[in-house]
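Have a look at the structure below before the remarks.
The values are calculated or read from the model by the stated rules, or taken from the named source; none is laboratory data. Quantities reported herein were computed from a predicted structural model and do not represent experimental measurements. Virtual Cβ from ideal backbone geometry, glycine too; neighbours counted across all protein chains shown. Each accessible area value is taken on the protein alone, full model and side chains, heavy atoms only, with ligands, DNA and RNA left out. Shrake-Rupley method; radii C 1.70, N 1.55, O 1.52, S 1.80 Å.
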Amino acid sequence: MEHHLDGKSPEPPATLTITKDGKDEQIVNFARTLWYAQQQQLQGYLMGSLSREILAQVATLQTPAEVWSAINAMFAAQSQSQAINTRIELTNLKKGNMSMAEYLGKIKTLTDEVACCTEVPLPDPEIVSKIMAGLDLDYNPVVSALSARVEPVSVQELYSQLLSFDARLALLHGTNTRQSSVNSAARGRGRGRAHQGQSRNGGGRGGG
């Protein structure tokens, strides 16, 4: 009964003209009766499956085609609004304290939401620019290198570059942390030896 939803099913005439014994006669068109029965059945099904909020918006509509058109318009408006809000969130997103994997995962979720709402995926250059805009100063070497390239970078390539650079940063920070611990331990041992020396010297003086 899809033709009742798209408005492409015209109402059949109430009567049909037939020729019988050389004379034209008007008879009841049972196709009209069936058409009305299908309309009422579909109208009842639609009204019974809607939430109260949506039902309040379409309760006065008389045909399934009118109800269906109104529902599509409402959901299209909601999808457009959601797409705009998601784009704003995507524009304002910063990596901050998130790991690179978490940050890129959040980017992927938001871009997928936009594509779902608009049925048009965001182009790679737009996604790349939004990813770069949300990075902090630590990632300036990657951003500068990619910005200087002549050929455009794909989203997948950018993911790979950032994850590799992030792993390198983590390795360097870990090395620095270990080196600091070693230096601290060495200073502690030095202070300990000096303290022991002072104790021995002090004890000698006391004994003299």
Open item on the list: When the residues of region 146-176 are narrowed to those that are open to solvent by 50 Å² or more (accessible area, probe 1.4 Å) and among the β-branched types (Val, Ile, Thr), which ends up farthest from Glu126 (Cα to Cα)?
Closed with: Thr175
Task: Long-range neighbours under 8 Å by Cβ, at least six apart or interchain, first residue in contact (Cβ under 8 Å) with a residue 40 or more places away in the chain within region 113-133, second assigned to a helix (DSSP H, G or I) and surrounded by 13 or more Cβ atoms within 10 Å (Cβ to Cβ) - done: Lys130/Leu90; Lys130/Ile107
- [ ] Tell me, please, whether a residue that is touching a residue at least 40 places away in the same chain (Cβ under 8 Å) and either in contact with a helix residue (DSSP H, G or I) (Cβ under 6 Å, 6 or more places away or on another chain) or within 14 Å of Ile131 (Cα to Cα) (or both) can be found in region 57-80.
- [x] yes
TODO: Output yes when any residue across region 130-145 is surrounded by 14 or more Cβ atoms within 10 Å (Cβ to Cβ), assigned to a helix (DSSP H, G or I) and touching a Pro at 6+ places or on another chain (Cβ under 8 Å), and no when none is.
DONE: no
TODO: Among the residues of region 21-31, count how many are open to solvent by 80 Å² or more (accessible area, probe 1.4 Å) and acidic (Asp, Glu).
DONE: 2
Task: Residues of region 146-173 that turn out to be more than 24 Å from the chain's Cα centre (by Cα) and in a helix (DSSP H, G or I), as a count - done: 11
Task: The listed residue being in contact with a Phe, Trp or Tyr (Cβ under 6 Å, 6 or more places away or on another chain), touching a residue at least 24 places away in the same chain (Cβ under 8 Å) and either more than 30 Å from Ile107 (Cα to Cα) or surrounded by fewer than 10 Cβ atoms within 10 Å (Cβ to Cβ) (or both), out of Leu5, Leu42 - done: Leu5
TODO: Give the residues of region 40-71 that are hydrophobic (A, V, I, L, M, F, W, C) and over 28 Å from the mean Cα position of the chain (by Cα), sorted by residue number.
DONE: Leu42, Leu46, Met47, Leu55, Ala56, Val58, Ala59, Leu61, Ala65, Val67
Task: Tally of residues being β-branched (Val, Ile, Thr) and touching a residue at least 24 places away in the same chain (Cβ under 8 Å) across region 81-96 - done: 2
Task: Breaking point among (1) under 32 Å from the mean Cα position of the chain (by Cα); (2) open to solvent by 70 Å² or more (accessible area, probe 1.4 Å), for Leu34 - done: (1)
TODO: Residue by residue through region 69-109, note down the ones that are open to solvent by less than 50 Å² (accessible area, probe 1.4 Å) and aliphatic (A, V, I, L, M).
DONE: Ala70, Ile71, Ala83, Leu90, Leu93, Met100, Leu104, Ile107
